[in-house]
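The values are calculated or read from the model by the stated rules, or taken from the named source; none is laboratory data. Being a predicted model, the structure only gives us computed values, none of them experimental. Cβ: placed from backbone, ideal geometry, glycine included. Neighbour counts: every protein chain shown. To get the accessible areas, we keep the full protein, side chains included, count just its heavy atoms, and leave off ligands, DNA and RNA. Shrake-Rupley method; radii C 1.70, N 1.55, O 1.52, S 1.80 Å.
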Amino acid sequence: MLKQNEHINSCFIEELPQKFMVKFEEVQDSSFPQVKVTIDENQAGDIVDDNSYENDGYRYHDVFHYTFATLLDWSPCVRSMLKRKRKSNQDIDRIEDGARAAITEECISLMIFSNAKQNDFYTDVESIDNHLLQTIKNMTAPFEVKNKTAKEWEKAILKSYEMFRLLNLNKGGIVHFDAQNKSVEYKKN
């Protein structure tokens with residue numbers, strides 16, 4: 001059993017950060033482009049490539065996860081990458097931050113990516129297909145994000161693709177995430 005101070009400290013470590021900067025840096029250590037993601041000079045997650053026969057920029061997809069964490073207060077993937085899983089509550093750790101939740105988020109990211117790719121990565125798009133949004137709502141029904149509206153999902157998706165396009169165009173950059181003000185902003189390296 002955790003003592004009160006230990007509980008307070010563990011809860012603080014388990015919270016998603018409210019304001020943070022993520023640096024997306026393209027690295028050319030192989031015959032294909034890869035992206036290294038750092039927060040406060042510490043690498044977050046693995047170095048990522050497109051995992052595709054074509055250069056489609058998927059290596060920047062972690063921006064989706066960080067945007068979901070910021071605008072939807074939900075990202076089991078970010079919790080895992082930042083070691084912010086809620087270990088103090090066994091059920092929350094197992095269900096909300098567990099493998100099924102993370103796989104669901106990755107599936108959503110890939111599903112949206114497939115749709116976005118067919119639609120010029122949502123350039124000049126102001127709304128997302130309702131069927132896609134309803135599918136996302138259905139997929140996330142077992143999780144704490146179930147209360148987010150289709151409109152909130154749409155805003156998070158469109159903002160994440162604005163960042164994705166800028167990162168891809170500039171071969172990296174820094175993205176400022178502010179969960180308190182629900183803002184996500186790009187800055188060139």
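Figure legend. Inter-residue proximity from the range 48-69: first residues at positive phi and part of a loop (DSSP other than H, G, I, E, B), second residues charged (D, E, K, R) and open to solvent by less than 30 Å² (accessible area, probe 1.4 Å), beta-carbon distance below 7 Å, spacing 6+ or different chains. Indicated pairs: Gly57/Asp50.
So for the range 30-51 (the condition being of a type in the set (Val, Ile, Thr), touching a Phe, Trp or Tyr at 6+ places or on another chain (Cβ under 7 Å) and more than 15 Å from Phe113 (Cβ to Cβ)), does at least one residue qualify? Yes, that holds for at least one residue. Taking the range 103-115 as the range and being of a type in the set (A, V, I, L, M, F, W, C) and either open to solvent by 50 Å² or more (accessible area, probe 1.4 Å) or assigned to a loop (DSSP other than H, G, I, E, B) (or both) as the test, the residues that pass are Ile103, Cys107, Leu110, Met111.
Each residue in the range 116-134 was checked for being part of a helix (DSSP H, G or I) and buried (at least 16 other Cβ atoms within 10 Å of the Cβ), and 5 of them qualify.
Only one entry in Ser127, Ser183, Ser88 is within 30 Å of Val27 (Cβ to Cβ) and not aliphatic (A, V, I, L, M), namely Ser183.
Of the listed requirements (1) open to solvent by 30 Å² or more (accessible area, probe 1.4 Å); (2) more than 15 Å from the chain's Cα centre (by Cα), Asp56 misses just one: (1).
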